[in-house]
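**Q** Got a structure for you, written out below as structure tokens; questions coming shortly.
The values are calculated or read from the model by the stated rules, or taken from the named source; none is laboratory data. Predicted, not measured: the structure shown is a model, and the values here were computed from it. Don't worry about glycine lacking a Cβ; one is built from the backbone with ideal geometry, like all the others, and counts go over all protein chains shown. Ligands, DNA and RNA are stripped out before the accessible areas are found, and what is left, the full protein with its side chains, is counted by its heavy atoms. Shrake-Rupley method; radii C 1.70, N 1.55, O 1.52, S 1.80 Å.
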Amino acid sequence: MSNAQAPAPISRREQILREAARLFAERGFHGVGVDEIGAAVGISGPGLYRHFAGKDAMLAELLVGISERLLDGGRMRVAEGGESPEAVLRALIDGHIDFALDDRPLITLHDRELDRLREADRKRVRQLQRQYVELWVEVVREVYPVCAEVEARSAVHAVFGLLNSTPHLSARAGLLPRAATESLLKRLALGAFAAAADRDPLPAK
């Protein structure tokens with residue numbers, strides 16, 4: 001008998017957010033109605049209002065929520081450390097690759113719909129993102145002390161652009177299997193940081 005536990009079922013609220021993200025990414029925020037989101041999770045459109053005040057609230061929770069999750073995950077990886085700053089950098093890259101491959105609709109939403117958030121939510125997202133960037137910058141400079149702060153920050157933004165390009169990958173474009181995609185993205189990210197410091201890339205391990 002297997003001791004593996006089945007994944008915990010997701011809540012109705014999480015189901016709604018997942019389907020809203022998918023639909024918003026596919027057709028745009030204004031191209032999706034509340035009734036369609038409800039139908040995707042098997043409840044009436046008005047039933048959604050027991051969970052969210054409306055589409056604006058869903059969008060805000062999606063974009064603020066993923067920014068909080070990325071920052072919390074990054075802080076956890078830094079706190080857990082490892083045998084070296086290099087190990088921490090690899091862990092940060094691995095975590096962001098998981099996000100980039102598992103949450104592609106959220107990347108699309110951020111690119112297209114961030115300006116639709118009310119000002120307070122948009123500022124919150126930007127604040128969280130800045131903290132996430134600075135966390136990476138500190139680790140990159142530990143690995144490559146020769147790298148100036150401005151170079152490290154530019155490299156971090158470039159790596160995010162690289163990793164967050166995954167929504168543009170598709171099977172029709174010849175998408176690699178997941179493991180191969182992860183390996184490629186990790187090697188490219190490590191190479192970008194090494195180039196910023198004019199050093200040989202770290203082994204991906």
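**Q** Might you tell me the accessible area per residue for the stretch 5-134, computed with a 1.4 Å probe and given in Å²?
**A** 53
**Q** Under a point spin-label approximation (7 Å from Cα along Cα-to-Cβ), what is the residue 40-residue 122 distance to one decimal in nm?
**A** In this crude spin-label approximation the distance works out to 2.3 nm.
**Q** Using the alpha carbon gyration tensor of the chain, what are the three equivalent-ellipsoid semi-axes (square root of 5 times each eigenvalue), largest first, in whole Å?
**A** 33, 20, 17
**Q** May I pose another question? Which angle between 0 and 90 degrees, to the nearest 10, do you get for helix 149-163 versus the longest principal axis of the chain when only C-alpha atoms count?
**A** Helix 149-163 sits at roughly 50 degrees to that axis.
**Q** Label-point separation (nm) for residue 94 and residue 75, each offset 7 Å from Cα along Cα-to-Cβ?
**A** 2.2
**Q** What are the lysines whose alpha-carbon lies under 26 Å from the alpha-carbon of residue 186, with same-chain residues fewer than 8 places away excluded?
**A** Cross-link targets: 205.
**Q** Could you give the dipole magnitude of the chain about its Cα centre, charging the beta-carbon of Lys and Arg +1 and that of Asp and Glu -1, in debye to the nearest 20?
**A** 400
**Q** Taking the alpha-carbon distance from residue 55 and a cut-off under 21 Å, which lysines remain once sequence neighbours fewer than 8 residues away in the same chain are dropped?
**A** Hits, sequence-local ones excluded: 123.
**Q** On the accessible surface of the chain, probed at 1.4 Å, how many percent belong to carbon and sulfur atoms?
**A** It is 52 percent, rounded to a whole number.
**Q** Provide the gained length on full extension for the span residue 158 to residue 10, in nm with one decimal, where the gain is 0.36 nm per separating residue minus the Cα-Cα distance.
**A** Result: 49.9 nm gained on full extension.
**Q** Specify the angular offset, from 0 to 90 degrees and rounded to the nearest 10, of the alpha carbon long axis of helix 85-102 from the longest principal axis of the alpha carbons in the chain.
**A** Approximately 30 degrees, to the nearest 10.
**Q** Across all directions of projection, what mean area in square nanometres is found for the Cα convex hull of the stretch 139-205?
**A** The Cα convex hull of the stretch 139-205, projected and averaged over all directions, gives 4.8 nm².
**Q** Taking 7 Å along the Cα-to-C-beta vector as the label spot, tell me the residue 165-residue 102 distance in nanometres, rounded to one decimal.
**A** Modelled inter-label distance: 2.4 nm.
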